[in-house]
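Colleague: Below is a structure I'd like to ask you about.
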Amino acid sequence: MAIIDKIKEAYGSVGTLAALINGNAKELFDYFNATHGYLKDDKAIWNELVLRNKQVLRNLDYGDPYVRAFLVCLLEYAMRFGQRAVVVSLMPVIRKHDIVIGKRLEAISNIFYPKISHSEDLLNRFEPICGLLYEAWLEGDVDNRGVEVAILRYYAYVVENTLQQHISRFIDAMDAKSAEWPVLSQIKDVISGCGGEIRAIYQFIDNSLERNDAPIVAYEHGPGLIETDTNYAGELSLNGVNADFRSIRELAKGYASGKQLRQRGTEIIDNHEDLAEYMKRYGNMHFAKICSAFESPFPVIVEKTDIIDWGCGQSISTMAAIEKIGAGNVNMIVLIEPSQIALKRAAAHCRKLVPTANIITICSDFDSLNPADLPKPTSNVAVNVFSNVLDMDCFSQQHLIGLAESMFRDKNYFVCASPFTNEAAIARLETFRYHFQTNYPTFRLYHDEANSAIGEYWMCNNRYYYGINRHGGSPYCGDYYGDNGCYRRWTRVLKVFSV
């Protein structure tokens, strides 16, 4: 039975719906991650389920993380298809139970909720909506296409609910902010190209979302996927650059572009300057997060080990793993990454740290891979690294689990780390961990941590650079939340275990 049919059957009561959510988490996440074209056939079903069964949603147990994540997924679905009544129905529940939905969904929900009382109210939301979207864009929670879709939905709502004079003020507000955020100029061009017609705007939104359904990259792998013919690679090979992350980051800083990265570097990077800029801006935060995963009670590994880095970027996570495990214990490194330019640099970094290791490079997204594409084990121990990957919604988690299981050794460690963005993203990591806990008697958990920007303090620039919790009086500090430091603290979600 298809998951949507299971949901329809279960939605009639609190107990059956809660049981379905907890018993089918992977299948639910894969459903909500499906293509736009597939999901849009179910719009009427979700509209009826949510609006006719409001009491069921209100009475669910919101101490259950999967129930909280389900609400975020429902909200995401309703936003995608502009289901205003569904958004207005879900938001009071989300607010009541303090469910973290992230700045992107906060911004888009503000278009519809709280209910609009008059035209001025709708227009007055422009600044806070754009402010939240801009922060989400900087933090990598939304790309330019997502910003386009959100602002165009907002524009369409303005057109449908106000007079021409208000529509002109909306366009003027975009003009005023376009110098600061050029994507707004692109959106204005789209509106002009559509002649301001609502039907054309909605068609553009639909087409834009369907373009996201295309696969990222075809499978490619081979020994040639390593950076060798650039000035960066030449300097990297010199003895003056030590074989450690800190020295490599110092080298990269000299090649950084100095410009703001798209989506805080979470978008696929396609040029060398942005790779260096990411290393300069976010390398320490990324490295520290993975190093914390190897802290006690994670065991000391003394055997020969294979490292598999799923979504490796430029291999910051692998470098952290190598420094914690010891280069002499690394037998093979498998790097999987859809950006060829990042993959080649990752291989160069790994070659610097472990000259004797067998380095396998695979340029592909996860859904395009099959177990036959992956190399055979060369060691009895494997460390699987999933850094800033499992919180994403652009692949099938069930398929990824199958790929990981196809590479099992006698002992398999999993280092799963992501930023704290919203509760659905956290639940994706939890669902991944739960699969292994319930299917393997040898499962052992080492770390289960969640540190948000306003929750329990973990790390920030001040502590990382100076070794002290220097809250206040520093250019790195921002607005405060109680005694735990400012909003610029680093976030993390860790799930570290073995089977």
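Colleague: Going by the conditions given, is Tyr154 without any contact (Cβ under 8 Å) to a residue 60 or more places away in the chain, buried (at least 19 other Cβ atoms within 10 Å of the Cβ) and part of a helix (DSSP H, G or I)? Explain how you work it out, then say what you get.
Modeller: Numbers: without any contact (Cβ under 8 Å) to a residue 60 or more places away in the chain: yes; buried (at least 19 other Cβ atoms within 10 Å of the Cβ): yes; part of a helix (DSSP H, G or I): yes.
Against the criterion (without any contact (Cβ under 8 Å) to a residue 60 or more places away in the chain, buried (at least 19 other Cβ atoms within 10 Å of the Cβ) and part of a helix (DSSP H, G or I)), Tyr154 qualifies.
Colleague: Take the range 128-149 and flag every residue that is free of Cβ contacts under 8 Å to residues at least 40 places away in the same chain and open to solvent by 20 Å² or more (accessible area, probe 1.4 Å). Working first, answer last.
Modeller: Filtering the range 128-149 for residues free of Cβ contacts under 8 Å to residues at least 40 places away in the same chain gives 128-129, 131-133, 135-136.
Correct list: Pro128, Gly131, Leu132, Glu135.
Colleague: Let me ask you something else. All but one of (1) among the basic types (Lys, Arg); (2) out of contact with any Leu (no Cβ under 7 Å at 6 or more places or on another chain); (3) within 20 Å of Asp391 (Cα to Cα) hold for Lys103; state the number of the condition that does not hold.
Modeller: The one condition Lys103 does not meet is (2).
Colleague: Let me ask something else. Do you know which residues across the range 322-338 are outside any helix (DSSP H, G or I) and not charged (D, E, K, R)?
Modeller: If the condition is that a residue be outside any helix (DSSP H, G or I) and not charged (D, E, K, R), then Gly326, Val330, Asn331, Met332, Ile333, Val334, Leu335, Ile336, Pro338 are the ones that fit.
Colleague: While we're looking at this one, here's another question. Scan Pro114, Pro92 and give me the residue that is out of contact with any Phe, Trp or Tyr (no Cβ under 6 Å at 6 or more places or on another chain), over 30 Å from Tyr282 (Cβ atoms) and part of a helix (DSSP H, G or I). Outline the logic, then answer.
Modeller: Working: Pro114 fails: part of a helix (DSSP H, G or I).
Going through Pro114, Pro92 in turn, just one is out of contact with any Phe, Trp or Tyr (no Cβ under 6 Å at 6 or more places or on another chain), over 30 Å from Tyr282 (Cβ atoms) and part of a helix (DSSP H, G or I): Pro92.
Colleague: Now a separate question. Examine the range 485-493 for a residue that is open to solvent by less than 20 Å² (accessible area, probe 1.4 Å), in contact with a helix residue (DSSP H, G or I) (Cβ under 6 Å, 6 or more places away or on another chain), modelled with pLDDT of 90 or more and on the phi < 0 side of the Ramachandran plot, and state whether such a residue exists.
Modeller: Yes - at least one qualifying residue is present in the range 485-493.
Colleague: Also, I was wondering about something else. When you go through (1) at pLDDT 95 or above; (2) within 21 Å of Trp490 (Cβ to Cβ) one by one for Ile307, which number turns out not to apply?
Modeller: (2)
Colleague: While we're on this one: Consider only pairs whose beta carbons are under 7 Å apart and that are at least six residues apart or on different chains; among these, list those whose first residue lies in the range 187-205 and is touching a residue at least 40 places away in the same chain (Cβ under 8 Å) and whose second residue is assigned to a helix (DSSP H, G or I) and hydroxyl-bearing (Ser, Thr, Tyr).
Modeller: Ile201/Tyr155
Colleague: Since Val72 meets every condition but one in (1) in a helix (DSSP H, G or I); (2) open to solvent by 10 Å² or more (accessible area, probe 1.4 Å), which condition does it not meet?
Modeller: (2)
Residue by residue, here is whether (1) assigned to a helix (DSSP H, G or I); (2) open to solvent by 10 Å² or more (accessible area, probe 1.4 Å); (3) under 23 Å from Phe436 (Cβ atoms) holds:
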site: Ile7; (1), (2), (3): yes, no, no
site: Gly12; (1), (2), (3): no, yes, no
site: Gly15; (1), (2), (3): yes, yes, no
site: Ile21; (1), (2), (3): yes, no, yes
site: Leu39; (1), (2), (3): yes, no, no
site: Asp42; (1), (2), (3): yes, yes, no
site: Arg68; (1), (2), (3): yes, yes, yes
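Colleague: Which helices (runs of 4 or more DSSP H) does the range 194-262 wholly contain that include 3 or more residues that are open to solvent by 60 Å² or more (accessible area, probe 1.4 Å) and modelled with pLDDT under 90?
Modeller: 198-211
Colleague: Now a separate question. Please determine, by comparing only the residues of the range 98-111 that are closer than 16 Å to Asp393 by Cβ and assigned to a loop (DSSP other than H, G, I, E, B), which one is least open to solvent (accessible area, probe 1.4 Å).
Modeller: Here the residue is Ile101.
Colleague: Within the range 85-108, can you find the residues that are of a type outside the set (A, V, I, L, M, F, W, C), more than 18 Å from the chain's Cα centre (by Cα) and under 21 Å from Trp46 (Cα atoms)?
Modeller: Scanning the range 85-108 gives Ser89, Pro92, Arg95.
Colleague: Moving on. Taking the range 1-45, which residues are within 25 Å of the chain's Cα centre (by Cα), farther than 19 Å from Gln83 by Cβ and touching a residue at least 40 places away in the same chain (Cβ under 8 Å)?
Modeller: Ile21, Asn22, Ala25, Lys26, Glu27, Phe29, Asp30
Colleague: Consider only pairs whose beta carbons are under 6 Å apart and that are at least six residues apart or on different chains; among these, list those whose first residue lies in the range 274-294 and is more than 16 Å from Phe420 (Cα to Cα) and whose second residue is among the hydroxyl-bearing types (Ser, Thr, Tyr) and at pLDDT below 95.
Modeller: That search, which allows pairs on different chains as well, returns Ala276/Tyr255; Glu277/Ser257; Asn284/Tyr464.
The values are calculated or read from the model by the stated rules, or taken from the named source; none is laboratory data. Bear in mind the structure is a predicted one, so any value in this text is a computation, not a measurement. Ideal geometry is used to build each Cβ from the backbone, glycine not excepted, and the neighbour counts take in all protein chains shown. Quick note on the areas: whole protein, heavy atoms, side chains included, nothing else; ligands and nucleic acids left out. Shrake-Rupley method; radii C 1.70, N 1.55, O 1.52, S 1.80 Å.
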